[in-house]
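The values are calculated or read from the model by the stated rules, or taken from the named source; none is laboratory data. From a predicted model like this one, the values you see are computed outputs, not experimental measurements. Because the Cβ atoms are built from the backbone with ideal geometry, glycine has one as well, and the counts that use them run over all protein chains shown.
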């Protein structure tokens with residue numbers, strides 16, 4: 001499996017780690033897991049760690065699939081850590097298309113993202 005999704009009770013965030021380029025089926029599985037994990041939760045923060053993923057974020061079919069989620073707001077905030085400049089640029093374009101650029105930020109360290117989630121970031 002090219003990803004792992006796990007809820008972090010201590011920090012009240014859902015963690016998504018990717019290890020390789022995701023395909024459309026993996027993306028659908030991830031979105032289903034995110035929806036289930038956030039069900040009934042007041043605080044819906046998603047921490048995406050792509051630091052172990054040296055290949056890229058999404059393949060062509062996964063990018064097409066992602067467009068189908070436009071307008072869905074499963075999370076209130078998304079923090080992305082470990083993105084190289086290429087992944088960051090592609091993600092910014094996708095986020096703009098999805099209308100999520102205002103609620104998503106990139107961070108170098110997990111601690112920075114957790115502070116942002118809690119409203120402590122500058």
State all residues of region 78-91 that are assigned to a loop (DSSP other than H, G, I, E, B) and either modelled with pLDDT of 90 or more or surrounded by 17 or more Cβ atoms within 10 Å (Cβ to Cβ) (or both); if no residue qualifies, say none. 82, 83
Apart from one, (1) at pLDDT 80 or above; (2) within 25 Å of residue 112 (Cβ to Cβ); (3) in a loop (DSSP other than H, G, I, E, B) all hold for residue 100; the odd one out is (1)
Checking the conditions here, which among 37, 25, 6 is in contact with a strand residue (DSSP E or B) (Cβ under 6 Å, 6 or more places away or on another chain) and assigned to a helix (DSSP H, G or I)? 37
Please find, among 61, 102, the residue that is over 15 Å from the mean Cα position of the chain (by Cα) and more than 19 Å from residue 6 (Cα to Cα). 61
Test residue 94 against the stated conditions and say whether it is in contact with a helix residue (DSSP H, G or I) (Cβ under 8 Å, 6 or more places away or on another chain), under 20 Å from residue 29 (Cβ atoms), in a helix (DSSP H, G or I) and at pLDDT below 80. yes
Identity of the residue in region 104-122, surrounded by fewer than 13 Cβ atoms within 10 Å (Cβ to Cβ) and in contact (Cβ under 8 Å) with a residue 12 or more places away in the chain, that ends up nearest to residue 14 (Cα to Cα): 109
Just to be sure I understand, how many residues within region 42-59 are touching a helix residue (DSSP H, G or I) at 6+ places or on another chain (Cβ under 9 Å), within 15 Å of residue 81 (Cα to Cα) and outside any strand (DSSP E or B)? 4
Got a sec? Which of 75, 101 is touching a helix residue (DSSP H, G or I) at 6+ places or on another chain (Cβ under 9 Å), without any contact (Cβ under 8 Å) to a residue 12 or more places away in the chain, surrounded by 11 or more Cβ atoms within 10 Å (Cβ to Cβ) and farther than 22 Å from residue 20 by Cα? 101
